[in-house]
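Derivation of every value follows stated rules applied to the coordinates shown; laboratory data play no part. All values derive from a computational prediction rather than experimental measurement. Don't worry about glycine lacking a Cβ; one is built from the backbone with ideal geometry, like all the others, and counts go over all protein chains shown.
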Amino acid sequence: MSYDDEVLKYIDSHKSEIIVLMQSLIQTESVTGNESRIGALMAEECRKDGLDVELVEPAKNRTNVVARYKGTTGNPKVVMYSHYDTVALGDPTTWTHPALSGEIADGQIWGRGANDDKVGTCCLTMAFRAIRELGIKLKGDILFTHVADEEKGGKFGFKYLMDNGFGEGYDYFFSAHGGSGQTVGIAANGCRRYNIIVYGRAAHTARVEDGVNAVVKAAELIRRLQVLAYEVNKREYPLPDTDTIMKSRFSINKCVGYVSPNTVPDRCELIIDRRFTPLETWEQTEKEIKKVFDQCKADDPEFCGEVSMDSNDWYELSVAPTDSSIVKSIQDAAEKIVGFKPKPAGGSHSSDHGFWSSKYHKPFAGYGISGSISHASNERTKVEDVIKTTKVYALLMLDLLGTN
Ligand SMILES: [Zn+2]
C-alpha cells in the first residue's frame with residue numbers, strides 16, 4: 001500500500017480522535033489576548049507527537065507554540081501555520097449551540113473558532129500524527145507555528161516570531177486555515193488602520209456658542225473622506241495568472257464623540273480600515289487620507305485634530321507565485337480528496353502570511369475546506385470537512401516534504 005493510502009486509511013479509522021481534539025480546542029476559550037490555556041493544550045499535543053516544543057510568550061497570557069520536526073535530509077524546510085486565537089464570543093442568545101460547547105449537531109461541530117482557525121490547528125496536528133504513528137519518515141523539516149494574536153495584528157503572535165528570526169532558513173510557508181476549498185490562497189491585501197481625533201471645545205448646551213462641536217466638525221471630514229472612499233473602493237488589481245481581482249478597500253468603521261447629553265462634545269474619534277492591493281503602497285494610503293484632512297483644516301480655521309496610523313494593528317501585502325511546489329502539492333492533495341484542483345487566488349483579506357512574504361520573499365500558500373462562517377454567531381464546520389481537511393494536509397506533508 002502506498003504511503004498516501006496508508007495515511008488516508010489511518011485517518012478514516014481515527015475520525016473520533018480528530019473530532020475530540022477539535023472539540024477540546026473549541027471548548028478552550030482563546031479570545032485574542034487570552035492564549036495561555038490553549039497554548040498549554042497545544043504544547044502538550046505537539047509533545048505527544050515527539051516534536052521539539054518551544055513556548056514563545058512575548059507578554060503575559062500571549063502564548064505561541066513553536067514545534068520542530070527534524071526530517072531525514074532537512075530539505076525542504078516548511079513552516080506550517082495556524083492561529084488559535086479567536087474573535088469575541090458574541091451575544092450568547094444568538095448562538096443555536098453555545099460558542100464554547102463544541103457540540104455536534106446536524107453533522108457539524110459548533111463553536112467559536114470552528115473555521116477561524118481551530119480547524120487549521122486541529123487538522124495540521126492530526127495530519128502529522130497520522131504520518132508519525134505509521135512510522136513514516138519525512139525528508140524535510142517542519143516548523144509548526146500555532147500562534148496567538150492573529151485577529152489583532154500579530155504583534156504578540158506570528159509577527160513576533162518573524163521579527164525574531166524563527167523563519168530563518170525556511171523555504172515555504174503553509175497557512176492552515178478555514179476556507180471554501182475552491183482556491184489556494186497566494187495573495188492578500190495589505191492593511192493599515194488610521195485613528196483620527198477631531199478636537200472641539202466643550203460647553204454647556206445652554207451656551208452652545210461658547211463651544212466647538214467636535215462631532216459636527218468630524219461630520220464634514222467624514223463626508224469628504226467618503227468621497228475618497230467611493231473612488232478607492234473602485235480600484236481593482238487583476239492578479240496575474242489567476243481569475244482573481246483584488247480590490248482596494250476603504251471603510252470608516254468608527255465614529256464616537258460623546259461627553260454627556262447636555263454637553264457640546266470636545267472630541268470625536270474615527271477609525272479607517274484601509275486595505276491595499278499591489279497597485280498601491282501603504283505610504284500612498286496615508287498620503288491620501290492626510291490630504292483630505294489637511295484640506296478640512298485649510299477650509300475651516302476651527303477644524304483641528306490629528307491622524308495617526310495604528311502601529312500595533314496592520315498587515316503586510318503578500319503576493320506569491322502561482323506555480324510554486326507548495327501550490328502544486330496542495331492542488332494534487334486536494335484533487336485526491338475533493339475531486340478537483342483548487343485554483344490559485346488572491347483575496348481582499350489580510351493575514352499573518354504577509355509577515356512571512358514581506359520578510360523572506362519566498363513562496364507561501366493557504367488552503368482549507370471547512371466553510372466560511374467566521375466572526376459571526378453560529379460559527380460551525382462540517383464534521384466531514386474536518387476529516388477531509390486532515391487528509392489534504394497529510395497528503396500535502398507527504399508530497400511537499402518527501403519520504404524516503
Ligand atoms: Zn483567521
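Using Cα pairs closer than 8 Å and at least 6 residues apart in sequence, work out the relative contact order for segment 190-309, in percent.
39
Give me Rg over Rh for segment 238-376, both radii from the alpha carbons and Rh done the Kirkwood way, two decimal places.
My calculation puts Rg/Rh at 1.11.
Please list 3J(HN,Hα) in residue order for segment 229-240, calculated via the Karplus relation 6.51 cos²θ - 1.76 cosθ + 1.60 where θ = phi - 60°; whole Hz, with x for glycine and proline.
4, 4, 5, 4, 5, 8, 6, 10, 10, x, 6, x
Build a GNM of the chain with springs between Cα atoms under 10 Å: which of VAL65, VAL259, VAL327 gets the top mean-square fluctuation?
VAL259
Read phi for every residue in segment 70-75 and hand back ³J(HN,Hα) as whole Hz from Karplus 6.51 cos²θ - 1.76 cosθ + 1.60, θ = phi - 60°, with x for Gly and Pro.
9, x, 6, 10, x, 9
What is the set of long-range amide H partners of ILE373 at a cut-off below 5 Å, with H atoms built 1.01 Å from backbone N?
ARG380
Counting only helical runs of four or more DSSP H residues, what would the 222 nm mean residue ellipticity of the chain come to if each run contributes -39,500 (n - 2.57) and the total is spread over all its residues?
-11000 deg cm²/dmol
What is the log10 of I(q)/I(0) for the chain, computed with the Debye formula using one identical point scatterer on each Cα and no solvent, at q = 0.09, 0.11 Å⁻¹?
Cα-only, vacuum Debye calculation for the chain: -0.58, -0.82.
Using amide H atoms built 1.01 Å from N in the peptide plane, name the residues 5+ places from GLY305, or on other chains, whose amide H lies under 5 Å from its own.
Correct list: TYR199.
My understanding is that a pair violates if its Cα-Cα distance is over 31 Å; which of LYS362/LYS382; LYS234/LYS359; LYS155/LYS287; LYS48/LYS77 do that in this structure?
Flagged as over cut-off: LYS362/LYS382.
Ranked by Cβ crowding within 10 angstrom, fewest neighbours first, how are ASP171, ASP243, ASP149 ordered?
Ascending number of Cβ neighbours within 10 Å: ASP243, ASP171, ASP149.
What is the helix-to-structure angle for 15-27, meaning the angle in degrees between its Cα long axis and the longest Cα principal axis of the chain, kept from 0 to 90 and rounded to the nearest 10?
30
Work through the residues other than ASN189 whose Cβ is under 9 Å from its Cβ and net out their charges, Lys, Arg +1 and Asp, Glu -1.
Local net charge: +3.
Which angle between 0 and 90 degrees, to the nearest 10, do you get for helix 325-338 versus the longest principal axis of the chain when only C-alpha atoms count?
On a 0 to 90 degree scale, this one is about 70.
Peptides 72-82, 14-24: what's the order by average Cβ count within 10 Å, highest mean first?
72-82, 14-24
Pick out which of ALA333, ALA394, ALA298 has the largest mean-square fluctuation in a Gaussian network model of the chain, springs linking Cα atoms closer than 10 Å.
The residue with the greatest mean-square fluctuation here is ALA298.
Hey, what's the Cα Rg ratio for segment 348-404 versus the globular rule of thumb, 2.2 N^0.38 Å?
It is 1.45.
Would you grab the residues whose amide H sits under 5 Å from the one on GLY71? Only those 5+ places off in sequence or on another chain, please, with H modelled 1.01 Å from N.
ASP141, ILE142
Taking 8 Å as the Cα distance limit and 6 or more residues as the minimum spacing, I'd like the relative contact order of the chain as a percentage.
Reported as a whole number, the value is 24 percent.
If you line up the long axis of helix 3-13 against the longest principal axis of the chain, both from Cα atoms, how many degrees apart are they, to the nearest 10?
Around 70 degrees separate the two axes.
Using a Gaussian network for the chain with springs between C-alpha atoms less than 10 Å apart, which of these wobbles most: ASP352, ASP116, ASP332?
ASP332
With θ set to phi - 60°, apply the Karplus curve 6.51 cos²θ - 1.76 cosθ + 1.60 along segment 120-130 and write out the HN-Hα couplings as whole Hz, x wherever there is a Gly or Pro.
So the Karplus estimates, Gly and Pro as x, are x, 4, 5, 6, 4, 4, 6, 5, 5, 4, 4 Hz.
From the convex hull of the Cα coordinates of segment 280-319, what is the mean projected area in square nanometres?
3.4
Using a Förster distance of 51 Å, how high is the FRET efficiency between ASN404 and THR96, based on the Cβ-Cβ distance and rounded to 0.05?
0.60
Extent of segment 190-309 along each principal axis, from alpha carbon coordinates, in Å, largest to smallest?
Per principal axis, max minus min of the Cα coordinates gives 64, 27, 20 Å.
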